[in-house]
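Input: a single structure, listed below in structure tokens.
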Amino acid sequence: MSDTYAIADSIHVLQVDETPLLDKTAEFPDRRGPDSFTLTTTDRADSALDHLEDDAIDGIVVADDLPDRSGRAFADTVRERDSTVPVLLLTESESVASDAVSNGVTDVFRRDAAVDHSHLLANRIRLLVEHHQSTAVASQTRRRLTELAEQSNELLWVFSGDWSEIQFVNPAYETIYGRSVDSLQANPAEFMTAIHHTDQKRVIQAMQRVSAGDAVDLEFRITKPDGGQRWVRAEAQPIVEDGTVTRIVGASRDITERKRRESERATELDSPDTPVDAVPDLFYELDENGDLIRWNDALAADTGHEDADLASMTLAALFATSDRETVRQSIESAFETGETSFEADLLTADGTTVPYEFTGGRITAADGSTLGVAGIGREISTRDSHQQALKQQKERLDEFASVVSHDLRNPLDVARGQLELAQMEHDSEHLDAVKRAHDRIGQLIEDLLALARNGEAALDSEPVPLQTVVEQCWHTVETGDATLELQTSAVVRADPSRLRQLFENLIRNSVEHGQTPHTERQEDTGEQRATPPVSQSQGAAVGLTVTVGELNDGFYIADDGVGIPADERGDVFDGGHSLASGPGFGLRIVDQIVDTHGWSITVGESDAGGARFEITGVEFETA
């Protein structure tokens with residue numbers, strides 16, 4: 001069997017039954033197309049086993065009373081060949097049904113219930129197949145993440161919330177700490193014995209903060225078994241469930257080399273050349289005659305010339321012959337106008353040329369006389385490779401968005417299909433709550449995709465009437481009994497689709513967060529947060545008025561709800577921040593859209609005490 005799994009758009013079912021109940025016209029309750037169901041039917045077990053060997057079978061429906069063996073015996077034989085394919089047994093015997101699952105059967109369906117309701121039978125096998133496929137996808141994802149962690153140079157780890165149990169650690173622990181993974185798993189406190197005694201108190205205090213719900217980032221020293229000392233930087237993040245820190249995830253890396261460089265730089269602070277040598281770019285200084293009199297270590301390193309050679313060279317000798325006149329004119333311009341900027345090929349000691357961009361400025365004395373010119377040079381040959389890296393990054397980002405769209409939406413669709421079946425059999429407010437949870441997950445997926453993809457495409461700006469786009473958004477967002485007041489007829493230049501997304505998120509934010517809150521503990525932070533009443537969480541804002549108006553250089557949207565606390569206004573545009581129990585990405589998307597247009601956004605208090613968002617820097621379209 002292949003180890004690559006995906007939730008298929010169609011399924012192939014093998015039916016083993018003398019009097020088959022399924023045919024190709026079977027319909028699914030979720031309105032799938034006619035090509036979503038492929039059916040192969042046979043009345044004998046031996047023939048069915050041949051099909052299982054030759055065809056790609058996703059699920060099996062088998063009668064218990066086959067001519068050549070029982071359905072349970074057939075299921076046992078199937079399990080010897082394929083341990084995962086779902087097998088649904090049709091039987092009317094209670095005794096058979098009670099022990100069938102232990103004999104290789106995945107599920108049991110009463111034959112008399114399926115006689116006149118073949119669509120229920122078809123949907124049951126479909127759900128079994130999709131559950132199997134989604135489980136396989138999840139298992140494969142976990143396996144790939146484990147493989148990635150094992151290849152990482154960073155130490156990745158997961159502890160229990162009280163640090164008493166190590167739940168995951170990758171092999172990098174052995175490289176950094178010089179101790180075995182097995183020894184840490186046997187004694188989760190082992191890593192503490194490696195921490196330098198002067199740093200142990202800080203580390204313990206940091207661990208206590210994480211267990212209390214805070215993220216930490218700290219640096220400390222460790223001693224390896226061979227006596228060697230290393231510097232480590234560790235970042236730890238608490239995982240909070242129902243207000244309790246259940247797990248702590250983190251990453252650690254060796255920063256010894258960085259610490260060494262910092263120490264070397266510290267010892268050189270008294271050197272007169274330290275400021276210019278600290279500059280990573282080339283530094284040069286010319287006297288009033290244009291001769292090179294001072295430079296930093298980077299210039300000597302990049303040209304390959306010794307300091308003694310540079311002291312005796314003319315400035316022109318540092319550049320390719322074809323660029324020397326350009327350099328001469330640019331330096332003259334710096335003396336005359338006070339600044340210069342040019343591109344030229346730097347000539348190295350071995351005769352190769354490297355493209356650089358140089359800038360410079362005139363140096364003057366207190367009396368205004370010219371002392372010389374100083375500036376920096378930066379290699380530009382890396383610009384193309386940087387642009388290529390950005391392109392590859394965007395491609396990976398788009399691939400990530402596609403994976404999120406496929407691998408998250410498909411299991412969600414399976415859950416929704418199972419919920420529909422449950423609602424057909426039961427009428428319960430708990431099922432309504434499940435549906436709202438599904439809708440919230442769907443909105444979170446959409447927000448994640450929007451965050452991943454916004455900004456990739458160029459803006460397609462055109463004149464957009466605010467009144468029209470706001471009214472369209474008001475009808476697409478679930479606003480309940482809320483009221484809209486439009487106080488603008490302005491036409492702005494914007495990308496229509498992104499402007500609609502901006503207003504949809506701002507309107508949704510007012511409706512979801514504008515009502516009088518009660519207090520509830522947030523799962524992700526452990527802090528007390530304001531959350532909406534039940535009626536509001538279902539999308540029914542009561543008595544709320546949302547106003548969209550015009551500013552001198554933009555527009556605003558305000559409501560008369562409870563507003564946003566002053567101490568939280570600076571954080572509302574951060575991804576994952578939420579004033580209630582929503583995903584917390586809506587306002588981050590708004591901020592991204594505003595930034596893409598070159599606008600600015602601020603949040604404050606409306607005249608009625610609610611929230612007010614002002615978008616400025618907007619270009620109006622005049623008649």
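For this structure, a couple of remarks:
- The listed residue being polar (S, T, N, Q) and not in a helix (DSSP H, G or I), out of Thr340, Thr326: Thr340
- In segment 299-323, of all residues being touching an Asp or Glu at 6+ places or on another chain (Cβ under 7 Å) and assigned to a loop (DSSP other than H, G, I, E, B), the one that is surrounded by the most Cβ atoms within 10 Å (Cβ to Cβ) corresponds to Ala320.
- Qualifying residue in segment 217-228 (condition: in contact with a Phe, Trp or Tyr (Cβ under 7 Å, 6 or more places away or on another chain), more than 19 Å from Glu190 (Cβ to Cβ) and either in the same structural domain as Ile176 (by the TED database) or not small (Gly, Ala, Ser) (or both)): yes
- Every condition in (1) at pLDDT 85 or above; (2) open to solvent by 20 Å² or more (accessible area, probe 1.4 Å) is met by Lys24 except one, and the failing one is (1).
- Apart from one condition, Lys224 fits all of (1) open to solvent by 60 Å² or more (accessible area, probe 1.4 Å); (2) among the basic types (Lys, Arg); (3) in contact (Cβ under 8 Å) with a residue 12 or more places away in the chain; the exception is (1).
- Residue match in segment 187-204 (condition: among the small types (Gly, Ala, Ser), assigned to a helix (DSSP H, G or I) and open to solvent by 50 Å² or more (accessible area, probe 1.4 Å)): no
- For beta carbons closer than 6 Å, sequence separation of 6+ or different chains, a first residue in segment 317-336 that is in the same structural domain as Ala349 (by the TED database) and a second that is assigned to a helix (DSSP H, G or I), the qualifying pairs are Phe319/Val327; Arg324/Ala316.
- Here segment 147-186 is the region considered, the condition is being at pLDDT 90 or above and aromatic (Phe, Trp, Tyr), and the residue that is most open to solvent (accessible area, probe 1.4 Å) is Trp163.
- Only one entry in Gly514, Gly598, Gly526 is open to solvent by 10 Å² or more (accessible area, probe 1.4 Å) and at pLDDT below 80, namely Gly526.
- Residue that is modelled with the lowest pLDDT [pool: residues in segment 43-79 that are among the hydroxyl-bearing types (Ser, Thr, Tyr) and either closer than 20 Å to Leu121 by Cβ or within 47 Å of the chain's Cα centre (by Cα) (or both)]: Ser70
- The conditions of being over 14 Å from Leu299 (Cβ atoms), among the hydrophobic types (A, V, I, L, M, F, W, C) and modelled with pLDDT under 90 are met by Ala365.
- Total residues in segment 80-94 satisfying the condition of being modelled with pLDDT under 85 and buried (at least 19 other Cβ atoms within 10 Å of the Cβ): the figure is 1.
- Within segment 43-59, considering residues that are free of Cβ contacts under 8 Å to residues at least 60 places away in the same chain and in contact with a Pro (Cβ under 9 Å, 6 or more places away or on another chain), the one nearest to Ser134 (Cα to Cα): Ala45
- Output for segment 100-114, where each listed residue is at pLDDT below 75 and open to solvent by 60 Å² or more (accessible area, probe 1.4 Å): Val101, Ser102
- Residue in segment 601-618 that is open to solvent by 10 Å² or more (accessible area, probe 1.4 Å) and modelled with pLDDT under 90 present: no
The values are calculated or read from the model by the stated rules, or taken from the named source; none is laboratory data. Nothing here was measured: the structure is a model prediction, and the numbers come from that model. Ideal geometry is used to build each Cβ from the backbone, glycine not excepted, and the neighbour counts take in all protein chains shown. Each accessible area value is taken on the protein alone, full model and side chains, heavy atoms only, with ligands, DNA and RNA left out. Shrake-Rupley method; radii C 1.70, N 1.55, O 1.52, S 1.80 Å.
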